[in-house]
Amino acid sequence: RRLHDPPHAPSGGALLSDASSAAAPGPHGLDMNRLVYRVLWGGVLLSIAVILIGLAAEAVSPGGFPRIPAPLPALPAEVAHLTPAGLLSLGVLLLILTPISRVFLTILVFAGERDRTYVLVTGIVFFNLMLGVALGLLGVG
């Protein structure tokens, strides 16, 4: 059995004939599990890289460690100037956006498979995530 095989898969990665369709490629050849895995892994690796660059920028810059994150409206300028606060804030923002992008991607996959039930359920989850982000940006709560 390989490390990433589901528990119900025999060794070598072949799925059982009664396994769920989410683990097998969809009608367009998409393996949803592999796609989601790559999005999550890519988002985490990118955020770690940006945070490490921010820490390196902090190590070579005068002044102390940033005590507050860069404000969202100022983030593009902070990142363009490679400020530690801007890079660290961007890294954390990327880490936060990674699971949100996974939910959005899942909506697209389910829509491509014409699975209305899962599009609706995942759409509700995405709406709730975006509502939380919006309320957070507005300072509500």
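Yes/no per residue for (1) touching a Ser or Thr at 6+ places or on another chain (Cβ under 9 Å); (2) in a helix (DSSP H, G or I); (3) open to solvent by less than 30 Å² (accessible area, probe 1.4 Å):
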| site | (1), (2), (3) |
| --- | --- |
| Pro66 | yes, no, no |
| Ala85 | no, yes, yes |
| Leu97 | yes, yes, no |
| Phe104 | yes, yes, no |
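Selection of first residues in the range 125-140 that are farther than 15 Å from Ile100 by Cα and of second residues that are open to solvent by 60 Å² or more (accessible area, probe 1.4 Å) and not aromatic (Phe, Trp, Tyr), restricted to Cβ pairs under 9 Å at least 6 apart or on distinct chains, gives the following pairs, ordered by first then second residue: Leu135/Gly141; Leu137/Leu72.
One line per residue, one yes/no per condition, for (1) in contact with a Cys (Cβ under 8 Å, 6 or more places away or on another chain); (2) at pLDDT 90 or above; (3) assigned to a loop (DSSP other than H, G, I, E, B); (4) open to solvent by less than 80 Å² (accessible area, probe 1.4 Å):
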position: Arg2; (1), (2), (3), (4): no, no, yes, no
position: Ser21; (1), (2), (3), (4): no, no, yes, no
position: Ala24; (1), (2), (3), (4): no, no, yes, yes
position: Pro27; (1), (2), (3), (4): no, no, yes, no
position: Arg34; (1), (2), (3), (4): no, no, no, no
position: Leu45; (1), (2), (3), (4): no, yes, no, no
position: Ala49; (1), (2), (3), (4): no, yes, no, yes
position: Gly63; (1), (2), (3), (4): no, no, yes, yes
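The values are calculated or read from the model by the stated rules, or taken from the named source; none is laboratory data. All values reported here derive from a predicted model rather than from experimental measurement. All Cβ positions, even for glycine, are placed from backbone atoms using ideal geometry, and neighbour counts span all protein chains on display. Side chains are part of the model used for accessible areas, which takes the heavy atoms of the whole protein and leaves out ligands, DNA and RNA. Shrake-Rupley method; radii C 1.70, N 1.55, O 1.52, S 1.80 Å.
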